[in-house]
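This report concerns only the one structure given below.
The values are calculated or read from the model by the stated rules, or taken from the named source; none is laboratory data. Since we're looking at a predicted model, the values are computed, not measured. Here Cβ is always computed from backbone atoms with ideal geometry, including for glycine, and neighbour counts include all displayed protein chains.
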Amino acid sequence: MTGARRGWQATGRNMLRILPVLIVLALWQFASATGVLPKSLMPSLFEVGRALAGLIASGEIVPHTLASLGRAGAGFFVAVVFGIAIGVLMARMHSVQLALEPILGLIYPVPKPALIPLFMVWLGIGNFSKIAVIALACLVPIVIATFNGARSVDPMLLWSARARGTSERRLLWRVVLPSALPQIAAGVRTAIAIAVIVLVSSEFISSEAGLGFLIFSYGGVGAEDAMLAVVLYLAVLGYALDRLYVAGLRKAMAWHAFAH
Amino acid sequence: MRYGEGSDAVTALESIRLSVEAHEFISIVGPSGCGKSTLLYLVGGFLQPTTGEIRLRDRPVSGPGRDRGIVFQRYSLFPWLTVQDNIAYGLREMGVPRNERERIVADHVRLVHLEGCERRYPRELSGGMQQRVAIAQTLACNPEILLMDEPFGALDAQTRRILQDELRRIWRRGTQTVLFVTHDVEEAVALGTRIVVMASRPGRIKEVLTRGFDIDDGDEFEANPAFAALKLHVWRSVKEEVDASRT
């Protein structure tokens with residue numbers, strides 16, 4: 001098979017991937033144009049598209065995007081650092097596992113945006129409370145993934161490393177963390193989506209900038225087309241972040257056979 | 001060697017007495033569950049005997065050490081390291097300088113015929129090639145004793161035969177003592193200079209046979225009547241144990 005032909009096949013596969021999305025968008029526009037979906041309920045795709053083009057062309061969306069990415073990025077970064085550390089500690093030290101497992105179990109099902117008012121009382125209404133809520137929400141899947149990954153290291157690999165002169169202390173860096181990496185990477189991927197979700201909810205409450213703020217303020221003045229434009233923008237942004245992450249992962253972890 | 005506590009405890013091995021000379025090739029064969037791998041893990045220092053002790057050059061074994069290298073049936077290799085980094089693993093842990101490391105790795109890549117695969121990852125290799133890397137990884141640390149836990153058990157018959165011949169060649173040219181666990185009678189006789197037959201429940205040594213003839217590189221030893229006779233003897237001995245454990 002030639003390289004060019006393989007390239008075309010890959011393009012074909014990618015086209016096939018977005019086909020269902022295109023069909024849904026076409027149905028939306030068709031329903032609006034024929035009056036099945038009245039304007040009072042939902043603006044048409046073209047109107048939303050026009051609003052989105054306006055937001056981008058005027059540059060209005062740029063500062064809001066930066067504000068949002070800053071908050072989500074900060075919370076996500078804190079969660080990755082602490083999540084991996086806590087997960088490894090839980091897997092390696094039984095006392096830490098006993099102490100934290102029930103707490104994690106309780107935090108897991110709590111809708112994190114519900115904690116925003118409480119965090120505001122503690123940390124003020126500024127960025128800190130929002131970043132803290134995002135960090136907490138992202139922390140849980142990373143801790144669980146790291147814990148499971150670090151705990152399920154093949155004992156034969158540990159034996160193999162010990163027999164080849166690795167000390168107990170170095171086992172963590174030489175064997176436990178690398179072999180837990182695929183699971184950690186999956187937990188981090190979940191955290192990216194959660195960061196975007198919690199970000200928007202946190203910006204609904206008392207903020208002056210950010211994509212969540214934009215959605216909330218357009219919704220408040222009845223500008224449904226602009227509101228949906230930001231939602232669409234967020235969807236594309238979240239999807240792009242995920243694809244970027246997965247592409248980076250495949251490159252950085254060529255030794256692992258990824259399922260997705 | 002006992003596993004577990006109280007009434008659930010299982011005696012995996014009992015009154016094992018075996019002394020091994022330098023540069024012997026010991027095959028340990030027996031029905032599954034006879035504790036042959038447990039015996040290997042005891043020598044490796046991964047498990048501690050409940051009673052008795054393992055002595056190496058008159059010093060008791062207290063844990064894993066670089067004087068003993070081990071090759072498992074699977075999972076000896078680190079999937080996140082390339083072939084050359086896997087082979088270099090033990091050397092890095094020992095603090096061998098880089099130039100020296102590269103020379104040793106190149107030597108061992110050649111020894112197991114893996115030229116051109118240095119930068120590949122284990123998942124990109126066939127099972128047979130992975131076991132070649134595992135052998136090279138273990139030999140690179142220059143252990144006195146090579147512990148092999150059914151290293152060719154997951155391979156197809158042709159690959160297994162080729163790797164057996166290569167292992168014999170490597171052993172003949174080197175100075176290592178090999179303890180080789182297998183459930184394959186032909187493999188045990190084709191490789192071992194002495195063959196330990198084990199019985200189960202509790203695991204113990206049933207008999208130790210010495211292969212009275214030599215097998216040279218490239219020999220078609222299957223044609224040797226002495227080989228056939230010894231193989232038949234070992235097979236009957238093992239079969240007795242398999243039948244006994246069924247009832």
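Listed values, structure above:
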read-out: Test: residue in region A:58-69 that is on the phi < 0 side of the Ramachandran plot, surrounded by fewer than 11 Cβ atoms within 10 Å (Cβ to Cβ) and not charged (D, E, K, R); value: yes
read-out: Selected residue [farther than 26 Å from A:L244 by Cα, out of contact with any helix residue (DSSP H, G or I) (no Cβ under 6 Å at 6 or more places or on another chain) and within 12 Å of another protein chain (Cβ to nearest Cβ)] from A:A114, A:A163; value: A:A163
read-out: Residues satisfying the stated conditions in region A:71-99, i.e. closer than 19 Å to A:D242 by Cβ and of a type outside the set (A, V, I, L, M, F, W, C); value: A:R71, A:G73, A:G75, A:G83
read-out: Residue count, region B:86-100 (criterion: surrounded by fewer than 19 Cβ atoms within 10 Å (Cβ to Cβ) and within 14 Å of another protein chain (Cβ to nearest Cβ)); value: 5
read-out: So A:I18, is it among the β-branched types (V, I, T) and modelled with pLDDT of 90 or more; value: no
read-out: Qualifying residues in region A:225-257 (those that are farther than 23 Å from A:L66 by Cα and touching a residue at least 12 places away in the same chain (Cβ under 8 Å)) - the one farthest from the other protein chains (Cβ to nearest Cβ); value: A:L249
read-out: Residue within region A:94-108 that is within 19 Å of the chain's Cα centre (by Cα) and not basic (K, R) present; value: yes
read-out: Residue within region B:140-151 that is away from chain A (no Cβ under 14 Å) and in a helix (DSSP H, G or I) present; value: no
read-out: Test set (1) among the aromatic types (F, W, Y); (2) surrounded by fewer than 18 Cβ atoms within 10 Å (Cβ to Cβ); (3) more than 12 Å from every other protein chain (Cβ to nearest Cβ) - A:W173 fails condition number; value: (3)
read-out: Extreme residue, surrounded by the fewest Cβ atoms within 10 Å (Cβ to Cβ), among residues of region A:142-157 that are at pLDDT 90 or above and within 12 Å of chain B (Cβ to nearest Cβ); value: A:V153
read-out: Number of the condition not met by A:G165 [criteria: (1) in contact (Cβ under 8 Å) with a residue 60 or more places away in the chain; (2) at positive phi; (3) not hydrophobic (A, V, I, L, M, F, W, C)]; value: (1)
read-out: Residues that are out of contact with any Ser or Thr (no Cβ under 6 Å at 6 or more places or on another chain) and polar (S, T, N, Q), drawn from region A:128-181; value: A:S129, A:T146, A:N148, A:S152, A:T166, A:S167, A:S179
read-out: Search result, residues across region B:65-85 that are within 22 Å of B:G174 (Cα to Cα), within 8 Å of chain A (Cβ to nearest Cβ) and not charged (D, E, K, R); value: B:G65, B:G69, B:I70, B:F72, B:S76
read-out: Those residues of region B:112-130 which are more than 10 Å from chain A (Cβ to nearest Cβ) and not in a loop (DSSP other than H, G, I, E, B), in sequence order; value: B:G127, B:G128, B:M129, B:Q130
read-out: Single residue of B:V133, B:V109 found to be closer than 20 Å to B:I170 by Cβ, within 13 Å of another protein chain (Cβ to nearest Cβ) and in contact with a helix residue (DSSP H, G or I) (Cβ under 7 Å, 6 or more places away or on another chain); value: B:V133
read-out: Single condition A:A161 does not satisfy, out of (1) touching an Asp or Glu at 6+ places or on another chain (Cβ under 9 Å); (2) among the hydrophobic types (A, V, I, L, M, F, W, C); (3) closer than 30 Å to A:L232 by Cα; value: (3)
read-out: Candidate set: region A:218-260, residues that are over 24 Å from A:F77 (Cα atoms) and small (G, A, S); chosen: the one modelled with the highest pLDDT; value: A:A229
